[in-house]
Amino acid sequence: MLLHDTALIYGRYLRQSLRSRFALLFGVLMPLLYLVFFGPLLTGLPLGGQGSSWQLLVPGLLLQLGLFGASFAGFSIIIEKSQGVVERMRVTPVSRLALLLGRVLRDATVFVFQAVLLVLAAVAMGLRAPLPGILIGFAFVALLTVSLAALSYALAMKVATPGEFGPTINALTMPSMLLSGLMLPMALGPAWLDVLSHFMPFRYLVDAVREAYIGSYTSMPMLYGVLVAVGLAALSVTVGTRVFRTSGA
């Protein structure tokens, strides 16, 4: 029943996304601009560690795609609440977990597709990374998307207007981006900033994807990244499902 319900919800929202092809491509625009205009500035700089500047930048841009895209996914719930869509769905026998999973899996599909486009552009610009590492990077994008989209939908169920939702998300995503080392490794910064960044879960995902892009699959950063990514996804889906069960639309 859960799989059937999830497939129904997933199919419904995926068809909506496919009808808006412009939005599918537009979502990758910001990371692509960073790739084109910021990436060349790093070439030849002593960034430390192993790998090229592209192997440092591209993993961060992949997770930036998930961070900002999935965090704002809840806007659609606010629109659906105002139109009565959420309330009509909640009175059906469809599993509350399926109502959430169908949405977040659609989001994960969309952002992994955009991540593929970004990596293809990066390869054209000089990125060289092992195929298993690239695939691992896509898996981290999917897990991050599931986590943040679930929390975004949970928040959207609790607020009444986009005016409440938007500033809250902005206040959370900007520190997350700055302290997770998306653009450059946090080890390049002052010691106090590096220490502070270890309290940001997204840093562990960024470090893990960078390890994957240099072919290091059994390192401690990879282990920490996997544990944080899976744990965050499980916690976020649990919270999101609980909100869908208890919140009024």
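Some observations on this one:
- Selection over the stretch 233-249 of residues that are open to solvent by 50 Å² or more (accessible area, probe 1.4 Å), in a helix (DSSP H, G or I) and of a type in the set (A, V, I, L, M, F, W, C) gives a count of 3.
- Residue in the stretch 143-156 that is among the small types (Gly, Ala, Ser), out of contact with any Ser or Thr (no Cβ under 6 Å at 6 or more places or on another chain), outside any helix (DSSP H, G or I) and more than 18 Å from Pro59 (Cα to Cα) present: no
- Among the candidates Val230, Val206, Val195, Val226, the residue that is within 20 Å of Leu35 (Cα to Cα) and assigned to a helix (DSSP H, G or I) is uniquely Val206.
- Consider the stretch 37-63 and keep the residues that are at pLDDT 75 or above and exposed (fewer than 12 other Cβ atoms within 10 Å of the Cβ). The one that is farthest from the chain's Cα centre (by Cα) is Leu41.
- Being modelled with pLDDT of 95 or more, among the small types (Gly, Ala, Ser) and within 10 Å of the chain's Cα centre (by Cα) is a description that applies to Ser147.
- Residue ID - farthest from Met157 (Cα to Cα), chosen from residues in the stretch 169-183 that are among the aliphatic types (A, V, I, L, M) and open to solvent by 60 Å² or more (accessible area, probe 1.4 Å): Leu178
- Residue-level check: of (1) at pLDDT below 95; (2) in contact with a helix residue (DSSP H, G or I) (Cβ under 9 Å, 6 or more places away or on another chain); (3) more than 27 Å from Gly27 (Cα to Cα), Met222 misses just (1).
- Of all residues in the stretch 104-131 being among the small types (Gly, Ala, Ser) and assigned to a helix (DSSP H, G or I), the one that is nearest to Arg19 (Cα to Cα): Ala108
- A search for C-beta distances below 8 Å between a residue of the stretch 80-99 that is open to solvent by 50 Å² or more (accessible area, probe 1.4 Å) and any residue that is at pLDDT 75 or above and hydroxyl-bearing (Ser, Thr, Tyr), counting only pairs 6+ apart in sequence or on different chains, returns Arg96/Thr241.
- Of the residues Ala149, Ala187, the single one that is out of contact with any Phe, Trp or Tyr (no Cβ under 8 Å at 6 or more places or on another chain) and either farther than 29 Å from Ala129 by Cβ or buried (at least 21 other Cβ atoms within 10 Å of the Cβ) (or both) is Ala149.
The values are calculated or read from the model by the stated rules, or taken from the named source; none is laboratory data. It should be emphasised that the depicted structure is a prediction, and the values quoted were computed from it without experimental measurement. Virtual Cβ from ideal backbone geometry, glycine too; neighbours counted across all protein chains shown. The accessibility values were calculated without ligands, DNA or RNA, using every heavy atom of the protein model including side chains. Shrake-Rupley method; radii C 1.70, N 1.55, O 1.52, S 1.80 Å.
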